Amino acid sequence: MKKMLNLSSNPHIRDSVTTAEIMRDVVIAMIPTALYGIIQWGVNAALVVLLTVACAVLSEYAYEKFMKMQITIGDWSAAVTGLILALNCPPDIPVWIPCVGSVFAIIVIKMLYGGLGKNWMNPALGARCFLLISFAGKMTSFTPIGADAMSGATPLAYMKNGGDMANVNLMNLFLGRIPGTIGEVSKLCLLIGALYLIVKKVISPKIPCIYIGTVALFTLLFGGHGFDLYYLASEILGGGLIFGAFFMATDYVTSPITPNGQVVYAVILGIMTGLFRLFGGSAEGVSYAIILTNILVPVINLKTIPRAFGREGDK
Amino acid sequence: MGVTTFKGGVHPYDGKDLAKDQAIVELKPQGLMVYPLSQHIGAPAKPLVAKGDHVLVGQKLAEAGGFISSPVICSVSGTVKAIEKRLTAGGAMVDAIVVDNDQNYDSIEGFGQARDYTKLSRDEIVNIVKEAGIVGLGGAGFPTSVKLMPKDVNKIDYFLVNAAECEPYLTSDYRDMIETPEKIIGGLKVVLSIFPNAKGVIAVEDNKPDAIKLLTEKAQGESGIEVVALKTKYPQGGERQLIYAVTGRKINSSMLPADAGCIVDNADTMVAIYEAVCESKPLVRKIVTVTGDAVAKPGNFKVPLGMNYQELIDQAGGFKDDPEKIICGGPMMGIPLFKLDVPVAKNSSSILALLHDPVSQEPTTACIGCGRCVTACPENLMPTMLMKAALNKDSERYTSLDGMECIECGCCSYVCPAKRPLTQAFKQMKRRVNAERRAEAAKAKAEAESKKAEDNNTKSTEEVKK
């Protein structure tokens, strides 16, 4: 034999899936809803999506270049962060605002804590909340859709302010013909993306289903509408719950890794979301619920470590 | 009964098509034969021959060096050339008996004589197995006779034949099942005769339907023998996973299969027991799969123990191109070889030669907490958390996370999208913890002894005072 043999510890074969492929799949899964938003709202929405993603990727590159670290933009995770943030912004927002958010998400929330895998809060959502606090008016002014019976309010806000339920059209809610952020409105497109992620085994339906189920139960119990399925469906489809549950609550880095911890996490998410929506000042609560529950994840993990096979009974 | 599977595991590319249809070919070595004195778990064997001695097929070259040990039997006839340190597949230099093969294959008296096991007592059967040098042929090499002597023979209610062969690429057990199913069942009948309450179960993964069909046919009419099809999933052949899949019982690292009423032995070990007890042939051969994309003609070979790997590969048809990696065993748990000048031993396994080493080409990146390792772990561990403890060399944290339960199956590293060397870290950590435990035990023993000596001193002084 001419060359030396390679030596390494077992196993000697590896599954073909890589971090970059997983992150790319998440981007692919968000393309339908992003396209829907762009088609519905036009040029500004397109600019927001493109520039926010570009800013996220560039700020990661610049930070790593400046700090003389290995360049990791090839793992697609910065693109995911940028895209989630863009889809969480209103369609007519001045483009520079989400771009500032992108830089904040990557530099402050992700890189300062050590980069991919080390951040304890979902970067895109952290940045969204930063923007909500800093530019409250711009971040909550949504573009009305055509002749709108709800007069430009998001369905959740309309219902919260005691709007007439007869004006809430479930089909419009499902298809996305409602005011809202660029990527949260089309439940159909979001569910297509979610299905893609589940089929590709990128995410498990466990956290989203328990999360949505808990919100539903909470709304039934405390929503003040009794057992009204129409109202319940409007609450679930009306805001950012579907987007949050499938694309943000499932973020690997900021969700628990223990099987039981994931259940606890999803239930807490559901309760927090219900509390914010029904008893808080704003009609929405998904973003805050997720970032606040992110903070609890290390504790949830620690308290839910399972025992090994054959040691279940041991202390 | 069990659920025919277990929680966790992975489905790697199985590569078995390369060699599965190649019938076992017997090879006759030309070169020097090397018999390491340590080719089993336990104390090394003690040589019974000296340089210059003439030896025969079936002759004991070395005797067991303790209760957990195994004799070494000569597989050729010839002259003892040396007793010296030799490299083994595991990478260690161990004392070995080197025999110059005279190609005559003269055997000891009685070698190959038929014997009726029903006329033998329990002790006689166990002794034959012991003297035949039989150890677990699945790769671990634990002396089989020791397994046949549990504390309470009556408490054993399952004798499990591990024919899962869950490691990708390997096909030697499959060929055993197809070519000599009667010997597997024969060996099982022998051991069942010494366990009055045990039921025999041959457990095969369901990716080998022809083997299952054949064994089921052959087992028809044998009372107390059953063939069970297990779901195909790696590591189905892991001892704890197999016991759980068949019986629903769970054991952990501090228990023996016997604690769950089970004895587990590999399919080829059954053949070896049958040959030793019913044909008076001690363990002198090994069935080796030579396979992988670098091998010109993948196949299965029956070779005398002690044959050189290089010669085995040459006789098998050699490489079609230079391999990047050669593995002794399967791709999930095998040991990489850096030299082919090592002998086929009882605990060595197949040869897998790969043109490309995927592990060396993939950079390790940061853990993203995806949890694939948690889902894949058949031991229900948290590899991500264990990895943190291992990187910090934090033995206390590692053991509190049940890290010592790791069976080193490789599933976590296999599925990791960040290509982190999890299994490797756990293997190192387990050795570290074991070393610390040994050091502590030694320290405690030394302290106890010095205290005892002190006590004796005071006592004698008191006596003098009296």
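The values are calculated or read from the model by the stated rules, or taken from the named source; none is laboratory data. In this text the structure is predicted, and so the values were computed from the model without any measurement. Glycine gets a Cβ as well: all are built from the backbone with ideal geometry, and neighbour counts include every protein chain shown. For accessibility, only protein heavy atoms count, side chains too; no ligands or nucleic acids. Shrake-Rupley method; radii C 1.70, N 1.55, O 1.52, S 1.80 Å.
The number of residues in segment A:168-183 that are part of a helix (DSSP H, G or I) and open to solvent by 10 Å² or more (accessible area, probe 1.4 Å) comes to 5. For segment A:36-56, filtered to residues that are crowded, with 20+ Cβ neighbours inside 10 Å and of a type in the set (A, V, I, L, M), the residue that is nearest to A:Met111 (Cα to Cα) is A:Ala56. Restricting attention to segment B:412-450 and to residues that are within 8 Å of chain A (Cβ to nearest Cβ) and not polar (S, T, N, Q), the residue that is surrounded by the fewest Cβ atoms within 10 Å (Cβ to Cβ) turns out to be B:Lys427. Identify the residue in segment B:287-327 that is open to solvent by 10 Å² or more (accessible area, probe 1.4 Å), in a strand (DSSP E or B) and touching a Pro at 6+ places or on another chain (Cβ under 8 Å) and, among all such residues, is nearest to B:Ala89 (Cα to Cα). Taking the candidates together, the pick is B:Asn308. If you go through segment B:358-404 and pick out every residue that is in a helix (DSSP H, G or I), open to solvent by 60 Å² or more (accessible area, probe 1.4 Å) and at the interface with chain A (Cβ under 7 Å from one of its Cβ atoms), you end up with 1.
Using the structure shown, decide if B:Leu283 is in a loop (DSSP other than H, G, I, E, B), open to solvent by less than 10 Å² (accessible area, probe 1.4 Å) and under 27 Å from B:Asp21 (Cα atoms). It is true that B:Leu283 is in a loop (DSSP other than H, G, I, E, B), open to solvent by less than 10 Å² (accessible area, probe 1.4 Å) and under 27 Å from B:Asp21 (Cα atoms).
Scanning segment A:117-144 for residues that are under 18 Å from A:Gly285 (Cβ atoms) and of a type in the set (A, V, I, L, M, F, W, C) yields A:Met121, A:Ala124, A:Leu125, A:Ala127, A:Cys129, A:Phe130, A:Leu131, A:Leu132, A:Ile133, A:Ala136, A:Met139, A:Phe142.
Just one of the numbered conditions (1) more than 19 Å from A:Arg307 (Cβ to Cβ); (2) without any contact (Cβ under 8 Å) to a residue 12 or more places away in the chain; (3) touching a Leu at 6+ places or on another chain (Cβ under 9 Å) is not true of B:Ala442: (3). Only a single item in (1) under 30 Å from B:Arg240 (Cβ atoms); (2) under 21 Å from the mean Cα position of the chain (by Cα) is not met by A:Asp314, and it is number (2).
Residue count for segment A:108-130, restricted to those that are away from chain B (no Cβ under 14 Å) and within 19 Å of the chain's Cα centre (by Cα): 9.
Scanning segment B:1-17 for residues that are in contact (Cβ under 8 Å) with a residue 60 or more places away in the chain and away from chain A (no Cβ under 14 Å) yields B:Met1, B:Thr4. Given the criteria among the polar types (S, T, N, Q) and in contact with a helix residue (DSSP H, G or I) (Cβ under 9 Å, 6 or more places away or on another chain), does B:Ser360 qualify? For B:Ser360, the condition - among the polar types (S, T, N, Q) and in contact with a helix residue (DSSP H, G or I) (Cβ under 9 Å, 6 or more places away or on another chain) - is not met.
Quick grid of which residues meet (1) in a helix (DSSP H, G or I); (2) more than 22 Å from A:Arg128 (Cβ to Cβ); (3) open to solvent by 50 Å² or more (accessible area, probe 1.4 Å):
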position: A:Ala166; (1), (2), (3): yes, yes, yes
position: A:Val185; (1), (2), (3): no, no, no
position: A:Gly193; (1), (2), (3): yes, no, no
position: A:Ile207; (1), (2), (3): yes, no, no
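Within the bounds of segment B:37-48, is there any residue that is part of a strand (DSSP E or B), more than 20 Å from B:Glu275 (Cβ to Cβ) and either of a type in the set (D, E, K, R) or open to solvent by less than 50 Å² (accessible area, probe 1.4 Å) (or both)? Yes, there is a match, as at least one residue in segment B:37-48 is part of a strand (DSSP E or B), more than 20 Å from B:Glu275 (Cβ to Cβ) and either of a type in the set (D, E, K, R) or open to solvent by less than 50 Å² (accessible area, probe 1.4 Å) (or both).
Here B:Leu242 meets each of (1) part of a helix (DSSP H, G or I); (2) away from chain A (no Cβ under 14 Å); (3) within 29 Å of B:Cys412 (Cα to Cα) with one exception, condition (2). Residues that are basic (Lys, Arg), more than 19 Å from the chain's Cα centre (by Cα), more than 14 Å from chain A (Cβ to nearest Cβ) and farther than 21 Å from A:Pro11 by Cβ are absent from segment B:305-321. Against the numbered list (1) assigned by TED's automatic domain parsing to the domain that holds B:Val227; (2) open to solvent by 60 Å² or more (accessible area, probe 1.4 Å), B:Val3 comes up short only at (1).
Among the residues of segment B:331-357, those that are within 12 Å of chain A (Cβ to nearest Cβ), closer than 23 Å to B:Gly238 by Cβ and open to solvent by 30 Å² or more (accessible area, probe 1.4 Å) comprise B:Met333, B:Ile335. The one condition from (1) away from chain A (no Cβ under 12 Å); (2) of a type in the set (Asp, Glu); (3) touching a helix residue (DSSP H, G or I) at 6+ places or on another chain (Cβ under 9 Å) that B:Glu324 does not meet is (1).
Return a yes/no flag: does segment A:20-42 have any residue that is at the interface with chain B (Cβ under 8 Å from one of its Cβ atoms), farther than 17 Å from A:Ile145 by Cβ and in a helix (DSSP H, G or I). Within segment A:20-42, one or more residues are at the interface with chain B (Cβ under 8 Å from one of its Cβ atoms), farther than 17 Å from A:Ile145 by Cβ and in a helix (DSSP H, G or I). Within segment A:281-298, being within 14 Å of chain B (Cβ to nearest Cβ) and either among the small types (Gly, Ala, Ser) or open to solvent by 60 Å² or more (accessible area, probe 1.4 Å) (or both) holds for one residue alone: A:Pro298.
Restricting attention to segment A:221-258, the residues that are within 14 Å of chain B (Cβ to nearest Cβ) and touching a Pro at 6+ places or on another chain (Cβ under 7 Å) total 3.
Among the residues of segment B:189-231, those identified as open to solvent by 50 Å² or more (accessible area, probe 1.4 Å) and in a helix (DSSP H, G or I) are B:Lys189, B:Pro209, B:Asp210, B:Lys213, B:Thr216, B:Glu217, B:Lys218.
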